[in-house]
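The values are calculated or read from the model by the stated rules, or taken from the named source; none is laboratory data. Note that the coordinates shown come from a computational prediction; the quantities given were computed from them, not determined experimentally. Virtual Cβ from ideal backbone geometry, glycine too; neighbours counted across all protein chains shown.
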Amino acid sequence: MKIGMVSKYPPEEDGIAIYAENLCRELENAGVEVIRIGDKESATANYKADFKSFSLKSRLRQITEKEGLDLLHIQYIAAYFGKYTLNLNLLLALSQKIPVVVTFHEVHTTTSTAKEKVLSWLQKKISGKASAVIAHTRQQKEFLQMKCGKKQAYAVHMGITLNPMHRQKGKNILFFGMLNYGKGVEHLIAAMNYLPGYSLTVAGKAIGKDYEAIIKAAAAENKFGNVKLDIRWVPEDEKRKYLEAADAMAFPYTWAPYQSAAMHDAFSYGIPAVVTDAGAIGEVVKEFICGRIVEQRSPKAIAAGIKGVFSNYETYQHGITKYRNEANWERTARKHAEIYNEAMGERQA
């Protein structure tokens, strides 16, 4: 089997780029031949394409024919394919001679704003044109089946690298990831005013100076001096050091139609999580008992959740162990290969 993986790739400063590279590597270990098709900044890709251009369809067809691909797999979030074109270039590109599988890294379940209505419309259109679609949780898969009418929808957990399980060293909290308005980091920083004896590190690149200013203002009001900020894109080797030093990770999101790659980084080290009840991020935590789920936008609730994680640490690490068995990269790649085979079988039938 030979597939084309359409995604951003390293060295781009993007979590899905890292995810895609991990998936490609493990698929190759399983015997699948993978051609990496990246955007213009993806230095490690075999081919490059302009994801926001209306020439995307012809470019993918050109690569498909040259390489003799059996299937294309597209890693999708709307921003990759251009807000000004409303992703119409992608909708056209889905019409190929070979099956096209799409992974939705965001599954939009509400339509309360104009933005959500557009994203939901795109989600339904893409679902209709793709041979099969993949989400990262069971509930997301069921939503795509029921609301988008997509029978060929699958749930495949984000892959986890199996590092040694963490041994608690103290009460060190880590927030890691892109910093934007949906992340709710200001509420986490405020929660540290209820947590003397704990420490928090916030590490990640800020998307927009306005939100960076909000975070810095919240940290300036911290009364115990137990908040450290490292606002930048953090390279992988430094990220590893942060993860090795953390005893718990917090995800105070206020908007989360996705699973979190950073949360899966936590689980890769056996670190329990505190997550808010925003969107899909709490689904895995609840199902496998990997941490605490708390009310969003509430510093007191976040602080209580952090205390709760440390009061029942072994239970949450046991839940993480169960999830690691389900979501390790080897198993994730095997499930993808099964979906590819089914999609090719459907096309041939």
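Does at least one position in segment 8-18 carry a residue that is of a type in the set (F, W, Y), within 28 Å of E142 (Cα to Cα) and not assigned by TED's automatic domain parsing to the domain that holds I207? There is no residue in segment 8-18 that is of a type in the set (F, W, Y), within 28 Å of E142 (Cα to Cα) and not assigned by TED's automatic domain parsing to the domain that holds I207. The criterion of at least 1 residues that are among the acidic types (D, E) and within 29 Å of D237 (Cα to Cα) is met, among helices (runs of 4 or more DSSP H) falling completely within segment 1-99, by 15-29. Of everything in segment 275-290 that is at pLDDT below 95 and either in a loop (DSSP other than H, G, I, E, B) or in the same structural domain as S112 (by TED's automatic domain parsing) (or both), the residue that is surrounded by the most Cβ atoms within 10 Å (Cβ to Cβ) is G279.
Looking at L90, L72, L56, which is the one that is under 16 Å from I3 (Cα atoms), crowded, with 17+ Cβ neighbours inside 10 Å and not β-branched (V, I, T)?
Every option except L72 fails the conditions.
Listed by first and then second residue, the pairs linking a residue in segment 251-264 that is touching a residue at least 60 places away in the same chain (Cβ under 8 Å) and under 19 Å from I173 (Cβ atoms) to a residue that is among the hydroxyl-bearing types (S, T, Y) and in a helix (DSSP H, G or I), with Cβ atoms under 7 Å apart and 6 or more places separating them unless they lie on different chains, are A261/Y19. Let me spell it out: the conditions are (1) modelled with pLDDT under 95; (2) surrounded by fewer than 19 Cβ atoms within 10 Å (Cβ to Cβ), and A78 meets all of them except one. Which number is the exception? Just one mismatch for A78, condition (2).
Between A245, A261, the distinction of being within 30 Å of E28 (Cβ to Cβ) and either of a type outside the set (S, T, N, Q) or at pLDDT 95 or above (or both) belongs to A261 only. Looking across segment 231-274, the residues that are within 23 Å of A155 (Cα to Cα) and in a helix (DSSP H, G or I) come down to A261, A262, M263, H264, D265, A266, F267, S268.
From the list V274, V285, exactly one residue is under 18 Å from A190 (Cα atoms) and touching a strand residue (DSSP E or B) at 6+ places or on another chain (Cβ under 6 Å). Which is it?
Details: V285 fails: under 18 Å from A190 (Cα atoms).
That would be V274, the only listed residue that is under 18 Å from A190 (Cα atoms) and touching a strand residue (DSSP E or B) at 6+ places or on another chain (Cβ under 6 Å).
Take G197 and tell me if it is exposed (fewer than 14 other Cβ atoms within 10 Å of the Cβ), of a type outside the set (V, I, T), touching a strand residue (DSSP E or B) at 6+ places or on another chain (Cβ under 9 Å) and modelled with pLDDT of 95 or more. The answer is no for G197.
Evaluation of L122 against the conditions (1) in contact with a helix residue (DSSP H, G or I) (Cβ under 9 Å, 6 or more places away or on another chain); (2) not assigned by TED's automatic domain parsing to the domain that holds G15 shows that the sole unmet condition is (2). Residues in segment 1-13 that are under 14 Å from the mean Cα position of the chain (by Cα) and surrounded by fewer than 22 Cβ atoms within 10 Å (Cβ to Cβ): E13 alone.
The number of residues in segment 144-161 that are within 21 Å of the chain's Cα centre (by Cα) and either aliphatic (A, V, I, L, M) or on the phi > 0 side of the Ramachandran plot (or both) comes to 6.
If you take the residues of segment 303-349 that are under 30 Å from P99 (Cα atoms) and not in a helix (DSSP H, G or I), which of them is nearest to the chain's Cα centre (by Cα)? Checked segment 303-349; the qualifying residue nearest to the chain's Cα centre (by Cα) is N328.
Take T110 and decide whether it is in contact with a helix residue (DSSP H, G or I) (Cβ under 7 Å, 6 or more places away or on another chain) and either among the hydrophobic types (A, V, I, L, M, F, W, C) or surrounded by fewer than 19 Cβ atoms within 10 Å (Cβ to Cβ) (or both).
Values: in contact with a helix residue (DSSP H, G or I) (Cβ under 7 Å, 6 or more places away or on another chain): yes; either among the hydrophobic types (A, V, I, L, M, F, W, C) or surrounded by fewer than 19 Cβ atoms within 10 Å (Cβ to Cβ) (or both): yes.
Criteria met by T110.
Considering only segment 174-191, I want to know if a residue exists there that is crowded, with 20+ Cβ neighbours inside 10 Å, of a type in the set (K, R) and either touching a residue at least 24 places away in the same chain (Cβ under 8 Å) or under 23 Å from P272 (Cβ atoms) (or both). Scanning segment 174-191 turns up at least one residue that is crowded, with 20+ Cβ neighbours inside 10 Å, of a type in the set (K, R) and either touching a residue at least 24 places away in the same chain (Cβ under 8 Å) or under 23 Å from P272 (Cβ atoms) (or both). Of the numbered criteria (1) over 18 Å from the mean Cα position of the chain (by Cα); (2) among the aliphatic types (A, V, I, L, M); (3) crowded, with 16+ Cβ neighbours inside 10 Å, the one A43 fails is (3).
Residues of segment 204-220 that are among the hydrophobic types (A, V, I, L, M, F, W, C), surrounded by fewer than 21 Cβ atoms within 10 Å (Cβ to Cβ) and out of contact with any Leu (no Cβ under 7 Å at 6 or more places or on another chain): A213, I214, A217, A220.
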